[in-house]
Each structure stands twice: as structure tokens, then as C-alpha cells.
Amino acid sequence: MTDSVSDKSTQVGPNPKRESLLANLLLNIVVPTLILTKFSGEEHLGIKWGIVVALAFPLIYGARDFLVRRQFNVFSALGFFSILLTGGISLLELDPQYIAIKEAAIPGLIGIATLVSLKTRYPLVRTFLYNDKVLKVDKVSSALREHDNELAFEKTLQTASYLIAGSFFLSSLLNYILAKVILQSPPGTVAFNEELGKMTALSFPVIAVPAMLVMMLALFYLFRRIRHLTQLTLEDVINDGSPN
């Protein structure tokens, strides 16, 4: 259920409403965890309905977020699909190893896609870091041309891509380990639901935080190289909404 990845969006409407971090954490982690660990017994929702109701919160949140923000986000779509897979595997009472494989597969595939994209005209590093939501891309590009450092910057983006891919591979490994360690009971039992809830609760500190640190390292490296290659300061290139 560790399914939050972001963030290239194809904007369909006007300026999108900013996502609420509190709502994200509550509806994707806190509420599903409470339902799975405290309300999946027969005296409350029951085993299967506990799973259905718990997974309904992140599913509905994801669908509502899409409708409100009017954006298609391929990584959010993968997260949505991942939640459906978790529910399907749990309700069909398949071996928990399939959840571990699924948990590892999605970030692993994104990591591979990040590396493969280096061979295309649209490397994913531009999606994650080098885009006009984060940086004044036109200003950076102009300064790179002025200092004849465009080729050097392409090598910088390649290195940043390796760091980004590394963050996803780290997430993949930690996802798999967490699922294998925690999911010990067979699906269709209260114990399994509680373990699924525990895995959801631990997903942020155990998986998201280390992966975010690697991503921040990639961002710091990119900023440092931009400053070196363009002679622009961080304040010059950060996109704070002001004109270039």
C-alpha cells in the first residue's frame, strides 16, 4: 500500500489546487491503518469489509484529487492501480508474497523507466526535478547557452537521473523487505488485516523518508551544478512564481 509517487502532470485546466499534505497522510495512511488494525474484527466491519473500506479511502482520495486538480499524473495512476492490486490480492486470499512482489515491482519499474528514458528525447529527470514548477527553466537554458555549458549540463542531468533511479530502487528493496517481514499471516484473517495496517503505517518512516532523502540529494546536486555552470544563484533559478 506504499503507493505515493509523483509528479509530472499534464495540466488540463487552470492553475491546479495545491494538494493538502495533511489530507494525504490522513486518508492514505492514518485512516486505512486504523480501520485495518482496529475495526477489521467480526464485531466491527469484518475481515473483507475491513479491507474494502480501508482501501476505499485512498482510492476515493485519488479520484477526487484528479477531479479537483484536473491533472493526469501517471505516477498517481500507478499508485491507484497498486491499491487495487493490494485489495484484489487480499480479497482473493492469494499468497502474501504477491503483495511483496507488487510492492517492489512498481517503484522498481519506475526506476528502470528513469534509466531507459535517458535514451529518449524526454528523460524523466525533467519530470522529477528539472521542470518549470521547480526551476526557471528558460532562464537556466539561456545562461547555459551563454556560457557554452549545454553539453556539461546534459551530463549533469544524466547523473541526477542515476540518483533518482537509485531512490526508486531503494524504495523497491525496502517495500519488499517490509512486506516480507510483516505479512506473515494468511489473507482472510484478522491477523493479516492487522499486519497490512501495520505495513501501511510503517511505509512512510521506513520507505518514503529514505527515498525522499536520496531524491533531495539529487535536487541538491542539480542546484549545485546549475550554479556552477550558469553563474546564477539559487534565488535566481528557483521558480517562486515571479517573472523570469
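The values are calculated or read from the model by the stated rules, or taken from the named source; none is laboratory data. As the structure is a prediction and not an experimental result, all values here were calculated from the model. Neighbour counts are summed over all protein chains in view; Cβ atoms, including those assigned to glycine, are modelled from backbone coordinates with ideal geometry.
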Within the stretch 112-126, can you find the residues that are closer than 30 Å to Gly88 by Cα, surrounded by fewer than 20 Cβ atoms within 10 Å (Cβ to Cβ) and of a type outside the set (A, V, I, L, M)?
none
If Met199 passes every condition in (1) in a helix (DSSP H, G or I); (2) loosely packed, with under 15 Cβ neighbours inside 10 Å; (3) touching a residue at least 60 places away in the same chain (Cβ under 8 Å) but one, which one does it miss?
(2)
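When you look at Ser172, is it in a helix (DSSP H, G or I) and buried (at least 18 other Cβ atoms within 10 Å of the Cβ), yes or no? Before the answer, list the steps.
On the way: in a helix (DSSP H, G or I): yes; buried (at least 18 other Cβ atoms within 10 Å of the Cβ): yes.
Against the criterion (in a helix (DSSP H, G or I) and buried (at least 18 other Cβ atoms within 10 Å of the Cβ)), Ser172 qualifies.
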All but one of (1) within 24 Å of the chain's Cα centre (by Cα); (2) assigned to a loop (DSSP other than H, G, I, E, B) hold for Ser185, so report the exception by its number.
(1)
Those residues of the stretch 209-244 that are surrounded by 17 or more Cβ atoms within 10 Å (Cβ to Cβ) and at pLDDT below 85 come to a total of 4
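Listed residues Leu124, Leu151; which is over 20 Å from Val206 (Cβ atoms), aliphatic (A, V, I, L, M) and over 20 Å from the mean Cα position of the chain (by Cα)? Working first, answer last.
On the way: Leu124 fails: over 20 Å from the mean Cα position of the chain (by Cα).
So the residue among Leu124, Leu151 that is over 20 Å from Val206 (Cβ atoms), aliphatic (A, V, I, L, M) and over 20 Å from the mean Cα position of the chain (by Cα) is Leu151.
Taking the stretch 136-152, which residues are part of a loop (DSSP other than H, G, I, E, B) and under 10 Å from Leu229 (Cα atoms)? Spell out the reasoning first.
Let us first name the residues in the stretch 136-152 that are part of a loop (DSSP other than H, G, I, E, B), namely 136, 147-149.
His147, Asp148, Asn149 - these are the residues of the stretch 136-152 that are part of a loop (DSSP other than H, G, I, E, B) and under 10 Å from Leu229 (Cα atoms).
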Return yes when Val30 is closer than 25 Å to Tyr176 by Cα and either at pLDDT below 65 or touching a His at 6+ places or on another chain (Cβ under 9 Å) (or both) and no when it is not.
no
Would you check if there is a residue in the stretch 176-195 being closer than 19 Å to Ile51 by Cα and out of contact with any helix residue (DSSP H, G or I) (no Cβ under 8 Å at 6 or more places or on another chain)?
yes
Can you confirm whether Leu129 is among the aliphatic types (A, V, I, L, M), surrounded by 19 or more Cβ atoms within 10 Å (Cβ to Cβ), in contact (Cβ under 8 Å) with a residue 40 or more places away in the chain and under 30 Å from Leu45 (Cβ atoms)?
no
Name the residue that is modelled with the lowest pLDDT, counting only residues in the stretch 114-160 that are of a type in the set (D, E, K, R) and farther than 17 Å from Phe220 by Cα.
Arg121
So Leu94 passes all but one of these: (1) at pLDDT 80 or above; (2) buried (at least 17 other Cβ atoms within 10 Å of the Cβ); (3) of a type in the set (A, V, I, L, M, F, W, C). Which condition number does it fail?
(2)
